[in-house]
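Worksheet for the structure shown next.
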């Protein structure tokens, strides 16, 4: 599969937003940790942030760390993209045996020296190591919730960032509209208000599900939470329609 494309894994999509919603004490964190363990082998690094303070520590500190991480990730991706273009120019110059072709396009000796210092191999240029991040409770930090939040930049570039995010929260409105419209799968645990079901059903089409109105979704939700699935314990809404289930190949 092409690097950076959305890829179905065990219960989540790679290079996409994945959402777990429900009231406190409904098993959201346990579910998220199950998904982390099931998919950790697909990533170079697994990170966990609690901007709302749900898993210990100060919420301000975790919110700052999360904003810094996302901002740096966007910046690094832009730099990688620029470097990859310059490497393509350098390759063309080598093939043509024409150094002037590269130098006239800004590929200087200093750039090449810097490139060799930062990348072990040319194959690493343009390819950020894949990261899986759990954001456990969005909390109330406006930098994470506003329409102009840092997540909007992330959403626009998500596939190029090699970044997979699991959101774990209490309310659908804690996510910015841009993030909600780019979420690929949502797990609904118990205790969600009806307005959240209305919003979820109203904003996204659900492939392969007999859901026409929020009443249909409410009925499905109630049936599912009365007899929860052994693994998820929730209703899964697969907006992309290609999700792998545990044990599938």
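What the table below lists for this structure:
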quantity	calculated
Label-point separation in nm, residue 219 to residue 159, each point 7 Å along Cα→Cβ	3.7 nm
Exposure proxy ranking, count of Cβ atoms within 10 Å, fewest first, for 135, 194	194, 135
Order of 161, 243 under a 10 Å beta carbon neighbour criterion, fewest first	243, 161
Gain on full stretching of the segment that runs from residue 115 to residue 5 - 0.36 nm per residue minus C-alpha separation	37.0 nm
Inter-site label distance for residue 69 and residue 127 at 7 Å from Cα along Cβ, in nm	2.3 nm
Computed FRET value (nearest 0.05) for residue 101 with residue 24, which takes r as the C-beta separation and R₀ as 41 Å	0.10
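FYI, it's all coordinate maths here, none of it is from the lab. Please read all numbers here as calculations on a predicted model, not as lab measurements. FYI the Cβ positions are ideal-geometry reconstructions off the backbone, even for glycines, and counts take in every protein chain you see.
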